[in-house]
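Below you'll find the structure, written out as structure tokens, and then a few comments.
The values are calculated or read from the model by the stated rules, or taken from the named source; none is laboratory data. This is a predicted model, so every value here is computed, not measured. Glycine also receives a Cβ, built like all others from the backbone with ideal geometry; neighbour counts cover every protein chain displayed.
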Amino acid sequence: MKTRRQFHKLMAVTAAGLAAPAILGSKVFAQDKPIRVGASVSLTGPLASTKNGQIGYELWRDDVNAAGGLLGRKVELVIYDDQSSAANVPAIYSKLVDVDACDVLFSPYGANLSAPVMPFIKQRDLFMIGMFGLAGNDVAKHDKFFHSGPWGPNSGRDWARGFFDLAKAQGVKKIAIINADLEFSKNAAKGGADVAKEYGMEVVFNQSYPPNTSDFSSMIRNINAGDPEAIFIASYPADSTAIIRGVKEIGISDKVKLFGGAMIGPQYGALLGSLGPELNGLVNSHTFVPEPTMQTPAIKSFFDRYTPIAVKQGVDPLGFYIPPFYYVAGQLAAAAITGSKSVDPAKMAAFLHANAVDTIVGKIAFTEIGDWKERRVLMVQLRGIKGNDLEQFRNPGHQVILDPPSLKTGELAAPYNKARAS
Amino acid sequence: MLSIDILLNAIVTGILLGSVYASLALGLGITFGILHIPNIAHPTLVVAGAFFVYTLTQWGLDPIVAALIGLVPFYLLGVVLYAFYSAVFERKGGANVLQSLTLFFGLSLVIEILLSLGFGSELKSVSVSYIGSSLKLGVLTVPYRLLIPALLAPVTIAAVWFYLSRTNSGTAIRAVAHEERALSIAGLNPASVKRHAFGIATATAVIAGAALIMVGPIEPFAGRYQIGRVFAIVVLAGMGSIPGSLVIAIIIGIAEALVSSYLNPSWSPGVAFAILLLGLALRPQGLFGAAR
């Protein structure tokens, strides 16, 4: 039987236990706590092919911690699986902020998943690095949001302008545009149509299709009937495969000089390996390719470490498109924290607005809504691909940079049919 | 833009796509149409079949040969799945539709996760010599990528229908759906008959999987995009009408191809459901189903 004195002792211990987190969480101990960086990654679901980005996050965290952390504090990643579903995103970010007390947030992958979190970030005035969400901050215009992706200013309209610059240089007058009925592709197609109009090109065919369309033969016949000289395509990986195969099966006019533009898929090892030589001649967007104008010791070091991890995890062993920019997200956060000597969102944002940051993909400066000041989306032409061996893509010459001019490594091979046969 | 070659090519493409849809719907026609078990995991089982085929093609086998090899393991998988379903629900006083849907929804998720863990989340496709080339017949250009899988459906459906209508065990499968007790009186075990039927339905998933992966690349979650269409085919054909499902699938395929060619491809996903609503309004028991 417990005495009253024993009961009071028990109450005192319980109260101390309950109070401990509050005491430990006070400012006295704040400097010893790790800096928490929160994100959702699509580990499962239709966008799970983007999960190799997490390797970029983890390599950055390991590098920072090996160098002593940020402001003398270790960095800790808090990552949840959003299952590729936009419906899961708001709850995940509420938890990252209110329960996990993250200091910095990285957005989910892409525009579709990022859109639901933007009102929350704006309302709570939080600091966030955006991950590949095209035009992700154009509506919210939040001054503490910064893109890790190289879309550039006015990205909704201009990110694929390089394709149209190439078309213009080839004297293209008639263009066809097709896109998947999804946020990213719709934005790309709408922006493309606007740029085509600006360049005085006639859009002879402009049509969208539902996601997961498996046969494009009807659409390719209709495109051929329009007699275009360039075809701008905004598609997702499965559609990209079906379109490339459809062109091989149905054929395309010899007048077509450029084919591609905004096809998602040919940037990934899975499609490069499965389609192999069928990709020859394609002119498509990319973020990084191992061409001489882009190689630096820093990016080489990144891929030297990324590849064995990716192979072990069974994800894209090339990882050119996404993982370097996930590492860049960490570098941007690190620069903001160390530069402002704070994890205060306003101070971090002010630093990034005022200073360019050196990263493994080059120097980045931001506009007032967090776009890169200079668009650095690549237009590359795939050529000289033989067989399905992925290793050939690590060598220069297979993904030749045509645009931007500052990184150019070759001239356009045209028309498309001739380039396909090369 | 109404040229005769675009029209003819659209119709032929629609027939081929419809035939592939019929392959996908065949197993559901047995489990849902005959056994009245709402197996919404069937499209995911088709995707599992596609991954099975993909695995064997990595060793140099043709997808169709790989599918034939998969018939027995998938039949056994179906037998095990039904045994589990029966143990959980039927022996405990019968399953209501909601419980069954929950079970098969859960099964579908488990299969998707297992496929993700086993194969990763990247798209997988097969490389066969006939994929990428076409058969030219006058103004028609018929991709072998669609033609070969499309030919699988009528052959499989004919084989299944022959079995169901011309053999004793097939007749027992059709009978179990109508009067289970009468089957018991005749000395047959209804659970055993259903288990066998579920095994056959699951075995057809590997044939449909071969068709699916020949048409285009697949990923573990690809089954989700087919659920609505295959249910529409089975319901509109009339519950239990296996040959009717081929006709309905081809009608849907042609309608989708024509809508894609002449209106807007974005409208094509609604075609199956528009036809379903119209068909059920005219004939609630389905176009080939018997009135009850």
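Numbers below:
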quantity	calculated
Residue in the range B:236-292 that is farthest from the other protein chains (Cβ to nearest Cβ), counting only those that are part of a helix (DSSP H, G or I) and of a type in the set (Phe, Trp, Tyr)	B:273
Positions within the range A:174-193 being more than 23 Å from the chain's Cα centre (by Cα) and farther than 21 Å from residue B:268 by Cβ, in sequence order	A:174, A:175
Total residues in the range B:110-125, condition surrounded by 13 or more Cβ atoms within 10 Å (Cβ to Cβ) and more than 9 Å from every other protein chain (Cβ to nearest Cβ)	3
Residue in the range B:139-146 that is facing chain A (nearest Cβ under 9 Å), over 30 Å from residue B:277 (Cβ atoms) and assigned to a helix (DSSP H, G or I) present	yes
Residue match in the range A:187-198 (condition: modelled with pLDDT under 95, charged (D, E, K, R) and crowded, with 21+ Cβ neighbours inside 10 Å)	no
So residue A:277, is it within 14 Å of another protein chain (Cβ to nearest Cβ), within 23 Å of residue A:49 (Cβ to Cβ) and surrounded by fewer than 17 Cβ atoms within 10 Å (Cβ to Cβ)	yes
Only one of B:22, B:10 that is under 11 Å from the mean Cα position of the chain (by Cα), assigned to a helix (DSSP H, G or I) and closer than 29 Å to residue B:263 by Cβ	B:22
Some residue of the range B:94-104 being among the polar types (S, T, N, Q) and within 14 Å of chain A (Cβ to nearest Cβ)	no
Single match in B:286, B:270, B:240 (criterion: over 14 Å from the mean Cα position of the chain (by Cα), closer than 19 Å to residue B:37 by Cα and not acidic (Asp, Glu))	B:286
Top-ranked residue of the range A:248-274 - restricted to ones that are free of Cβ contacts under 8 Å to residues at least 60 places away in the same chain and crowded, with 20+ Cβ neighbours inside 10 Å, ranked as nearest to the other protein chains (Cβ to nearest Cβ)	A:249
Selection count where residues are buried (at least 19 other Cβ atoms within 10 Å of the Cβ) and of a type in the set (Ser, Thr, Tyr), scope the range B:266-282	1
Scope the range A:305-360; condition without any contact (Cβ under 8 Å) to a residue 60 or more places away in the chain, under 25 Å from residue B:122 (Cβ atoms) and surrounded by fewer than 18 Cβ atoms within 10 Å (Cβ to Cβ); matching residues	A:307, A:308, A:311, A:312, A:314
Residue under evaluation residue B:24, criteria (1) among the aliphatic types (A, V, I, L, M); (2) within 14 Å of another protein chain (Cβ to nearest Cβ); (3) out of contact with any Lys or Arg (no Cβ under 9 Å at 6 or more places or on another chain), criterion not met	(3)
Enumeration of residues in the range B:222-248 that are over 23 Å from residue B:179 (Cα atoms), surrounded by fewer than 24 Cβ atoms within 10 Å (Cβ to Cβ) and modelled with pLDDT under 90	B:224, B:225, B:226, B:227, B:228, B:229, B:231
Restricting the range B:126-137 to residues that are of a type in the set (A, V, I, L, M, F, W, C) and in a loop (DSSP other than H, G, I, E, B), the residue that is farthest from the other protein chains (Cβ to nearest Cβ)	B:128
